[in-house]
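S.K.: Have a look at this one before I ask anything.
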Amino acid sequence: MQVLSSEVAKAVGMMKMKVVAFNGSPHPNGNTAQAIQVVLDAIHGFGIGTEVVQVGGKKLYGCMGCYQCRKIKNRHCVMNDDEVNGFIDKMLEADCIIFGSPVYSGNITAALKALIERSGFVAKGNDFMFRRKVGVPVVVATKAGGLFAHAAINLMFGTHQMVTIGSSYWSFVVGQEPGDIWKDEEGIKALRTLGENVAWLLSKIKEEKRR
Ligand SMILES: Cc1cc2nc3c(=O)[nH]c(=O)nc-3n(C[C@H](O)[C@H](O)[C@H](O)COP(=O)(O)O)c2cc1C
């Protein structure tokens with residue numbers, strides 16, 4: 001297959017922006033998945049590609065602190081016995097990265113934390129390879145800890161020179177049983193507004209890249 005150069009792709013307008021959402025919940029159809037989908041549905045109408053990647057429930061190791069990624073600098077972690085490097089590749093492909101998580105014990109899930117630790121350490125050791133990608137947190141809580149989880153995700157984006165984006169409220173919704181989030185009307189509205197703001201920003205970035 002012939003690969004178009006980025007110049008040609010720009011000229012024929014084929015440069016499609018892409019959002020990749022990582023679901024940190026172990027439930028592929030639970031509240032977090034549904035909350036992520038609300039954001040993606042608001043983005044879909046704008047001709048932007050979207051993908052959901054299941055992270056929660058997978059066996060992912062945290063960072064060993066070996067610093068090898070900073071020596072080897074190949075945009076990957078030296079630990080190759082789980083899916084983190086594949087997730088890193090998907091993050092590299094994306095123009096916008098969504099990290100979604102339910103609140104577990106007052107913060108994000110362990111699986112998402114493992115992904116953030118390892119992808120983040122690799123990224124910093126490879127010239128801030130997520131620099132200027134758009135970063136979006138999506139959080140679900142039953143009662144407490146939503147802001148801690150939201151901040152944990154945003155802090156990752158903020159220390160990677162990524163661009164974060166706001167809505168009419170914090171992008172977290174409230175719910176316990178799957179589907180409960182639909183009762184949180186203000187939260188759902190904030191997620192839709194967030195999706196529209198992401199689409200707007202990505203269209204501006206696309207224009208800028210075409211110039
Ligand atoms: C191990 C565990 C810990 C939890 N800790 C909290 C918590 O600290 N605060 C909270 O509000 N909800 C907590 N929850 C509730 C979940 O955040 C909530 O049920 C959420 O809607 C689940 O999302 P999901 O369907 O995407 O998995 C916890 C649930 C589990 C299983």
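S.K.: Just to be sure I understand the filter: pairs with C-beta atoms under 8 Å, separated by 6 or more residues or on different chains, first member in the stretch 141-154 and closer than 15 Å to Glu117 by Cα, second member among the aliphatic types (A, V, I, L, M) and near the ligand (Cβ under 6 Å from one of its atoms). Which pairs pass?
M.R.: Matching pairs, first to second residue: Ala149/Val103; Ala149/Ala141.
S.K.: Then there is this: Return the residues of the stretch 149-200 that are among the β-branched types (Val, Ile, Thr), out of contact with any Cys (no Cβ under 8 Å at 6 or more places or on another chain) and in a helix (DSSP H, G or I); say none if nothing qualifies.
M.R.: First, pick out the residues of the stretch 149-200 that are among the β-branched types (Val, Ile, Thr): 153, 159, 163-165, 173-174, 181, 188, 193, 198.
From what's left, out of contact with any Cys (no Cβ under 8 Å at 6 or more places or on another chain): 153, 159, 163-165, 173-174, 181, 188, 193.
Listed by number, the residues that qualify are Ile153, Ile181, Ile188, Thr193.
S.K.: Ok, one more. Residues of the stretch 146-169 being surrounded by 18 or more Cβ atoms within 10 Å (Cβ to Cβ), closer than 17 Å to Ala35 by Cα and within 16 Å of the ligand (Cβ to nearest atom), which ones?
M.R.: Passing the criteria: Gly146, Ala149, His150, Ile153.
S.K.: Moving on to the next point. Output yes when any residue across the stretch 138-145 is over 19 Å from Leu202 (Cβ atoms), among the hydroxyl-bearing types (Ser, Thr, Tyr) and more than 16 Å from the ligand (Cβ to nearest atom), and no when none is.
M.R.: no
S.K.: Further question: Just to be sure I understand, how many residues within the stretch 106-137 are within 14 Å of the ligand (Cβ to nearest atom) and either more than 15 Å from the chain's Cα centre (by Cα) or in a loop (DSSP other than H, G, I, E, B) (or both)?
M.R.: 5
S.K.: Oh, and also: Of the conditions (1) out of contact with any His (no Cβ under 7 Å at 6 or more places or on another chain); (2) touching a residue at least 40 places away in the same chain (Cβ under 8 Å), Val122 satisfies every one except a single condition; which number is it?
M.R.: The number of the failed condition is (1).
Quick grid of which residues meet (1) at pLDDT 95 or above; (2) in a loop (DSSP other than H, G, I, E, B):
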| position | (1), (2) |
| --- | --- |
| Val38 | yes, no |
| Phe46 | no, yes |
| Thr50 | yes, no |
| Gly62 | yes, yes |
| Asn74 | yes, yes |
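The values are calculated or read from the model by the stated rules, or taken from the named source; none is laboratory data. What you see is a predicted model; the values in this text were computed from it and never measured. For neighbour counting, all protein chains shown are included, and Cβ atoms are generated from backbone atoms with ideal geometry for every residue, glycine included.
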